[in-house]
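Here's the structure we're looking at; comments come further down.
The values are calculated or read from the model by the stated rules, or taken from the named source; none is laboratory data. Bear in mind that the values here come from a model prediction, so they are computed numbers and not experimental data. All Cβ positions, even for glycine, are placed from backbone atoms using ideal geometry, and neighbour counts span all protein chains on display.
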Amino acid sequence: MTITEEAPPIAPPRAETAPRTPKPVHRTRMGRTLKYVLLVIFVFVVLIPVYVLIVTSFKPPADVTASTSWGLPVRWPWQSATPGGPTGFDNWTGAWSALAPSIGRTFLLAIPAALISSFVGAMNGFVLSRWRFPHADIVFTFILFGMFIPYQAIMTPLVQMKTALGLPSDISTLLMVHVIYGLPICTLIFRNYYVSIPMELMEASRMDGAGMLRTFASIVLPLSLPGFVVTIIWQFTNAWNDFLFAMFLSDTGGGPVSLALNNLAQGAQLANYGTAMAGALIASLPTLLVYIILGKYFIGGLMSGSVK
Amino acid sequence: MRKGVRNWGPPLLLVSPTILILGIFVYGLIAANIQVSTTNRHSLSPQSEFVGLENYLALLSEDRFLHSLFNLVVFTVVFIAGTMLFGFIWAWMLDKGVNAEGMFRSVFLFPMAISFVASGVVWRWLLNSAEGDRASGLNRIFETLGLGFLQNAWWNEPIWGMAAIAMPAIWQLSGYVMALFLAGFRGIPQELREAARMDGASEWKLYRFVVFPQLSPIALSALIIVSHMSLKVFDLIMSVTGSIYQTEVPATYMWVTLTSNDYAKSATIATILLLLASLFIIPYLIQTWRSEKADR
């Protein structure tokens, strides 16, 4: 399996585009039923954590007991056991006020990180595939290596560097880090994408003596939208869900939502799990929406970023 | 390739910022990490001297580090077994043709879109170690179903606790392995299967001699990818248990040492992680490089 294969040209993985060949008929009706029963059981099992998250997030602390912990909330989320007491909605408002500032910051982190790495990745991918220079393959391998390392291997000197330069413990430092370590994968995705699409027009323009930047801007960029969708989704999801860099390089006062959520959750005992669960749902919403709306592009990034 | 600096100058110039930045932040920092790991910089004080491999020898004979390695091995074995098993079964069932395949696929894959920090919240609840009347989470299910004997302390179990920590990881990544296997199944030419059937191969023989050999490169890739992820596991453990001794792995141990400013020790752990990772990366890169060459 090659990297080229693994990053299917763009987005739709082979699983989705493969022509539907007629399948052999099942030998027995029972085998068929059994398969569906099993699949549905698996679906239920996979969704158990989601059920728990949603149900628990609507239970006010007073309604939580060990014996009813799996049950539906005993009253509507706006009702309370005692008049004026805590309701199920309080979990959500509590979680929201704990996370809201960091959610704003995470958008300010993840969106620019995605855009900058994608744009630089597109330029790199272009010259490494379509406007090559001697030893371009060596340069490509040199760049690619960065996505295979465990980031722990650079963390100690990175933290030392941050201290030495007096960089702030907030999203500006994280933005720089995400842009830098996103470059290899974005370069890889764009290189494979540009290899996969025909570019007679570009060759013609090159023959006519058009310069590299002009060719890139006027001919290649307009064709690059699918590549951008994949890299932007990939980078956005990664920056949004990142916890490692956030822990080492930022603090809860200036860090992203993963840090704030962890802070909220570590304090949770059985009684106030509701707030932590509401927080987990809130913090997951942006990436979940991306997955639901742009699922096939998400999978495209997944397949190419597999080792990350 | 056209000759002359006019031809190769501009493209090289365009990638040069990336080369420079990655040169510093990947290669430079790895070198710096190795350098720090050979000094005695165990505190904030910048004075340090070269001590050779002393840190490595100390670490490899330290019970705490060996314990974290043992935890990592338990976690990795269970994690790999689980993701490969579910990933394969799901792909296999879906490949045989299913109504609403897209729905099943989306459900199996969606946990990948969620961060370990978010899923850690719910898994901490599910893996609650209380038993009997006080049981909640999975233990409560066992209690209710009359399977009380299955109740256990999950990650609080002394030796095999890490196997419980692997459960969320399996939940999160089996769908990904399924996607890999599904792509593999779909990549097997239909004619191959037809031909085998024509020759009267039984279903088992079809799998044994046609399907499995065709899938083995995918299985190898999946194995390498999952092992590589396992090696770095950090988020999940931090969010389910925090950095405690019981569930310590090298990556969380490194966090403990770095936050206590023991730079030399944390760099040493990191170098060992990098070496372990290269056990997986290098064969992967070689395999990739070979098959890319074969494609040309």
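Structure values in brief
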| item | result |
| --- | --- |
| The one condition in (1) more than 11 Å from chain A (Cβ to nearest Cβ); (2) within 19 Å of the chain's Cα centre (by Cα); (3) among the β-branched types (V, I, T) that B:I269 fails to fulfil | (1) |
| Residues of segment B:186-224 satisfying the condition of being facing chain A (nearest Cβ under 8 Å) and touching a Lys or Arg at 6+ places or on another chain (Cβ under 9 Å) | B:R186, B:G187 |
| B:S115 facing chain A (nearest Cβ under 7 Å), under 25 Å from A:A278 (Cα atoms) and surrounded by fewer than 24 Cβ atoms within 10 Å (Cβ to Cβ) | no |
| Which listed residue, of A:K35, A:K59, is more than 22 Å from the chain's Cα centre (by Cα) and closer than 27 Å to A:N241 by Cβ | A:K59 |
| Set B:R41, B:R105, B:R124: member being crowded, with 20+ Cβ neighbours inside 10 Å, charged (D, E, K, R), at pLDDT below 95 and not in a helix (DSSP H, G or I) | B:R41 |
| Of the criteria (1) touching a Gly at 6+ places or on another chain (Cβ under 7 Å); (2) within 14 Å of another protein chain (Cβ to nearest Cβ), which one A:P77 fails | (2) |
| Answer from B:L223, B:L236, B:L192 - the residue that is touching a helix residue (DSSP H, G or I) at 6+ places or on another chain (Cβ under 9 Å) and crowded, with 18+ Cβ neighbours inside 10 Å | B:L236 |
| Selection from segment A:226-266 of residues that are away from chain B (no Cβ under 13 Å), part of a helix (DSSP H, G or I) and surrounded by fewer than 23 Cβ atoms within 10 Å (Cβ to Cβ) | A:P226, A:F228, A:V229 |
| Whichever residue in segment B:138-150 is more than 9 Å from chain A (Cβ to nearest Cβ), surrounded by fewer than 18 Cβ atoms within 10 Å (Cβ to Cβ) and part of a helix (DSSP H, G or I) and, among such residues, is modelled with the highest pLDDT | B:F142 |
| Subset of segment A:57-71 (residues that are facing chain B (nearest Cβ under 7 Å) and either at pLDDT 75 or above or within 18 Å of A:G94 (Cβ to Cβ) (or both)) | A:S69, A:W70 |
| Near pairs, Cβ below 8 angstrom, 6+ apart or cross-chain, from segment A:285-298 (more than 7 Å from chain B (Cβ to nearest Cβ)) to any residue that is of a type in the set (D, E) and part of a helix (DSSP H, G or I) | A:K296/A:E16 |
| Test for A:G279: is it within 18 Å of A:G104 (Cβ to Cβ), at the interface with chain B (Cβ under 8 Å from one of its Cβ atoms) and either in a loop (DSSP other than H, G, I, E, B) or touching a residue at least 60 places away in the same chain (Cβ under 8 Å) (or both) | yes |
| Subset tally (residues that are in contact (Cβ under 8 Å) with a residue 40 or more places away in the chain and either in contact with a helix residue (DSSP H, G or I) (Cβ under 6 Å, 6 or more places away or on another chain) or more than 17 Å from A:F44 (Cα to Cα) (or both)) for segment B:86-106 | 8 |
| Segment B:55-85 - residue that is crowded, with 16+ Cβ neighbours inside 10 Å and among the polar types (S, T, N, Q) and, of those, nearest to A:L47 (Cα to Cα) | B:T83 |
| Subset of segment A:63-94 [surrounded by 15 or more Cβ atoms within 10 Å (Cβ to Cβ) and aromatic (F, W, Y)] | A:W70, A:F89, A:W92 |
| Qualifying positions in segment A:130-148 - charged (D, E, K, R) and either touching a strand residue (DSSP E or B) at 6+ places or on another chain (Cβ under 8 Å) or within 7 Å of another protein chain (Cβ to nearest Cβ) (or both) | A:R132 |
| Unmet criterion (only one of (1) within 12 Å of another protein chain (Cβ to nearest Cβ); (2) surrounded by fewer than 20 Cβ atoms within 10 Å (Cβ to Cβ); (3) in a loop (DSSP other than H, G, I, E, B)) for B:I21 | (3) |
| Qualifying position, being crowded, with 20+ Cβ neighbours inside 10 Å, within 7 Å of chain A (Cβ to nearest Cβ), over 21 Å from B:V107 (Cβ atoms) and in contact with a helix residue (DSSP H, G or I) (Cβ under 6 Å, 6 or more places away or on another chain), among B:A183, B:A135, B:A164 | B:A135 |
| Count - residues of segment B:171-194 that are modelled with pLDDT of 85 or more and more than 33 Å from the chain's Cα centre (by Cα) | 0 |
| Some residue of segment B:87-106 being farther than 20 Å from B:S227 by Cβ, away from every other protein chain (no Cβ under 14 Å) and among the acidic types (D, E) | no |
| Condition broken by B:Y263, with the remaining ones in (1) at pLDDT 85 or above; (2) more than 9 Å from every other protein chain (Cβ to nearest Cβ) satisfied | (2) |
| Residue among A:L167, A:L223, A:L158 that alone is closer than 30 Å to B:L285 by Cα, within 14 Å of chain B (Cβ to nearest Cβ) and under 28 Å from the mean Cα position of the chain (by Cα) | A:L158 |
